[in-house]
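The values are calculated or read from the model by the stated rules, or taken from the named source; none is laboratory data. In this text the structure is predicted, and so the values were computed from the model without any measurement. Please note: Cβ atoms are built from the backbone with ideal geometry, for glycine as well, and neighbour counts cover all protein chains shown. Areas reflect the complete protein model, heavy atoms only, side chains present, ligands, DNA and RNA absent. Shrake-Rupley method; radii C 1.70, N 1.55, O 1.52, S 1.80 Å.
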Amino acid sequence: MASSANLEDIPSMDLMTELLRRMKCATKPDKRLILVGPPGSGKGTQSPIIKDEYCLCHLATGDMLRAAVAAKTPLGIKAKEAMDKGELVSDDLVVGIIDEAIKKPSCQKGFILDGFPRTVVQAEKLDEMLAKKGTKVDKVLNFAIDDAILEERITGRWIHPSSGRTYHSKFAPPKVPGIDDVTGEPLIQRKDDTAAVLRSRLEAFHRQTEPVIDYYSKKGVVAQLHADQPPNVVTAEVQKVLSS
Ligand code: ADP
Ligand code: AMP
């Protein structure tokens, strides 16, 4: 926790902004959300907007696994081979990560799970985890989109690794090609964002993740989005679904 000496060093404007944010957050309802959709459907693009609006934490298992791979942790070493091939890593690995992550203080008002659960086993484990805490998933947003659109989205994707900001060479270009608008740091392309690896990622999505949508449909919590529209139109759909 910050000491009072540290607080004194923080500019008044920053303190006021944080205070206003906390006051706004206190009025927001708790939300536990899952974003499901194939790679490139726009989950990572919409997540920061939902996160800010509802004061949730954003947990993207793909981002967490990539960080573990980069840091060469035991988890990263176990996950790397499957990730490089566009296959799913084992259920136990990702369930463990999420179990830990949702305990963070930033998840107090709820969470956005982006890229998890990706199998019915993961969904069942998540539901068990939440039931133990007396909570449940409120809504599953299904980013429905045709496979044919995804290759162009995936091969044009550029990422600022430390913030997770996402760009697209054609649909959302940075001001300077290859450079993050905010920090001026270099952008990267993901190693698995190729047409060839996309094919196995899509195969995994249809075979292993689509059943997750059926699983939550039976619980009556799935909302359909038309993810093939421009980003701001998708955002408007998300806001409509979440305010109802
Ligand atoms: P996901 O997190 O579902 O894998 P992203 O949000 O990273 O997908 O989006 C994939 C790529 O497509 C990114 O480069 C992003 O800028 C771009 N993108 C996201 N949403 C749209 C959209 N609605 N229309 C066009 N391009 C989009
Ligand atoms: P993503 O960033 O969501 O596209 O995920 C990148 C890769 O991480 C996937 O192709 C999988 O290998 C792995 N991954 C991410 N989330 C999961 C998950 N919930 N279950 C299994 N593997 C996952």
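Quick notes on this structure:
- Qualifying residue in the stretch 90-100 (condition: open to solvent by less than 70 Å² (accessible area, probe 1.4 Å), in contact with a strand residue (DSSP E or B) (Cβ under 7 Å, 6 or more places away or on another chain) and assigned to a strand (DSSP E or B)): no
- Qualifying residue in the stretch 214-227 (condition: closer than 18 Å to Phe143 by Cα, within 16 Å of ligand 2 (Cβ to nearest atom) and surrounded by fewer than 16 Cβ atoms within 10 Å (Cβ to Cβ)): no
- Test: Ile112 is under 30 Å from Arg22 (Cα atoms), at pLDDT 95 or above, part of a helix (DSSP H, G or I) and open to solvent by less than 50 Å² (accessible area, probe 1.4 Å): no
- Hits in the stretch 116-144 - residues which are in a loop (DSSP other than H, G, I, E, B), open to solvent by 30 Å² or more (accessible area, probe 1.4 Å) and within 16 Å of ligand 1 (Cβ to nearest atom): Arg118
- Residue check, Leu198 open to solvent by less than 70 Å² (accessible area, probe 1.4 Å), away from ligand 1 (no atom under 11 Å from the Cβ) and not in a strand (DSSP E or B): no
- Residues of the stretch 142-162 include at least one that is at pLDDT below 95 and hydroxyl-bearing (Ser, Thr, Tyr).
- Unmet criterion (only one of (1) part of a loop (DSSP other than H, G, I, E, B); (2) at pLDDT 95 or above) for Lys103: (2)
- Residues that are of a type in the set (Gly, Ala, Ser), farther than 17 Å from Val120 by Cα and either modelled with pLDDT of 95 or more or away from ligand 1 (no atom under 16 Å from the Cβ) (or both), drawn from the stretch 51-100: Ala60, Gly62, Ala68, Ala70, Ala71, Gly76, Ala79, Ala82, Gly86
- Just one of the numbered conditions (1) outside any loop (DSSP other than H, G, I, E, B); (2) surrounded by fewer than 21 Cβ atoms within 10 Å (Cβ to Cβ) is not true of Leu59: (2).
- Yes/no for Gly184 being without any contact (Cβ under 8 Å) to a residue 60 or more places away in the chain, of a type in the set (Gly, Ala, Ser) and in contact with a His (Cβ under 7 Å, 6 or more places away or on another chain): no
- In the stretch 77-95, the residues that are touching a residue at least 40 places away in the same chain (Cβ under 8 Å) and more than 7 Å from ligand 2 (Cβ to nearest atom) reach residues that are among the charged types (D, E, K, R) and open to solvent by less than 60 Å² (accessible area, probe 1.4 Å) with C-beta atoms within less than 8 angstrom, at least six apart or across chains, in these pairs: Asp84/Asp192.
- Within the stretch 228-240, restricting attention to residues that are more than 10 Å from ligand 1 (Cβ to nearest atom) and crowded, with 17+ Cβ neighbours inside 10 Å, the residue that is nearest to Val212 (Cα to Cα) is Val238.
- Exactly one residue out of Arg32, Arg22 is outside any loop (DSSP other than H, G, I, E, B), open to solvent by 20 Å² or more (accessible area, probe 1.4 Å) and touching a strand residue (DSSP E or B) at 6+ places or on another chain (Cβ under 7 Å): that is Arg32.
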